[in-house]
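Structure first, then comments.
The values are calculated or read from the model by the stated rules, or taken from the named source; none is laboratory data. Remember, predicted model here, so these are calculated numbers, not experimental data. Note: ideal-geometry Cβ built from the backbone for every residue, glycine included; neighbour counts use all protein chains shown. These area figures cover heavy atoms from the full protein model, side chains too; ligands, DNA and RNA do not enter into them. Shrake-Rupley method; radii C 1.70, N 1.55, O 1.52, S 1.80 Å.
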Amino acid sequence: MGTLRSLPDGAGCTPHCARLCTESGLAAVLAADKALLHWRAQSRLGDTGLAEHAVQETLLRAWRACATYDPARGSVRTWLLTIERNILTDIARFRAARPGDASWDEITELAEWRCARPDFTESLADGLLVDELLAQLPPPQRDAVVQVILRDRAYQDVAADLGVPVGTVKTRVHYALRSLRRLPISA
């Protein structure tokens with residue numbers, strides 16, 4: 001936990017912050033709650049290393065959001081346990097989706113993606129716009145773009161499936177993207 005830089009006591013705190021932004025506040029939380037956080041993560045995850053990462057992520061998120069803590073909603077411990085619960089849920093979901101393949105970097109990346117993800121209506125509108133734009137392409141170009149760009153397939157695999165040379169697939173994607181850049185967007 002030596003990577004968090006705390007402020008001298010009282011500097012930069014808001015009247016109701018969790019005091020994790022101070023050296024004494026961070027030390028107090030580590031002394032009082034780190035063992036509980038680690039035990040809870042270990043019992044839920046069954047992996048000591050992953051549990052330690054979950055505790056560190058919990059403290060990092062709490063440290064970043066220190067000023068947003070609201071004492072009217074509960075104690076600092078309750079707030080930390082809520083943050084940890086969210087992290088453990090993210091990890092459990094990721095591990096269920098990709099069993100045996102859950103490195104901490106991938107879990108962190110997934111959690112960041114989930115937090116930054118727009119709501120479904122924006123995704124739906126974007127999808128409709130993409131469909132509208134793709135419909136304006138000739139079928140060979142549209143198929144190449146869908147396979148290579150949207151489905152993230154290798155040019156070689158797409159070429160083999162379509163029975164054409166790799167260069168042909170690359171050319172179709174190139175001209176399709178060039179055409180798409182020129183199309184007016186009616187959003």
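Tell me the net charge near L162. Cut-off is 14 Å between Cβ atoms, L162 excluded, with +1 for each Lys or Arg and -1 for each Asp or Glu. Spell out each step's value before the answer.
Details: positive: R142, R151, R153, K170, R172; negative: D143, D157, D161.
For residues surrounding L162, the net value is +2.
When a/c is below 1.5 the answer is rounded, else prolate if a/b is larger than b/c, else oblate, so apply that to the stretch 133-187 with a ≥ b ≥ c taken from the square roots of the Cα gyration tensor eigenvalues. Judged from the Cα gyration tensor, the stretch 133-187 comes out prolate (a/c at least 1.5, a/b above b/c).
The length gained by stretching the chain between T168 and R93 to full extension, at 0.36 nm per residue less their Cα-Cα distance, is 23.0 nm. Sorted largest first by accessible area at a 1.4 angstrom probe radius, with every protein chain in place, the residues R19, R44 fall in the order R44, R19. Label positions at T48 and R64, each projected 7 Å from the Cα along the C-beta direction, are separated by 2.8 nm.
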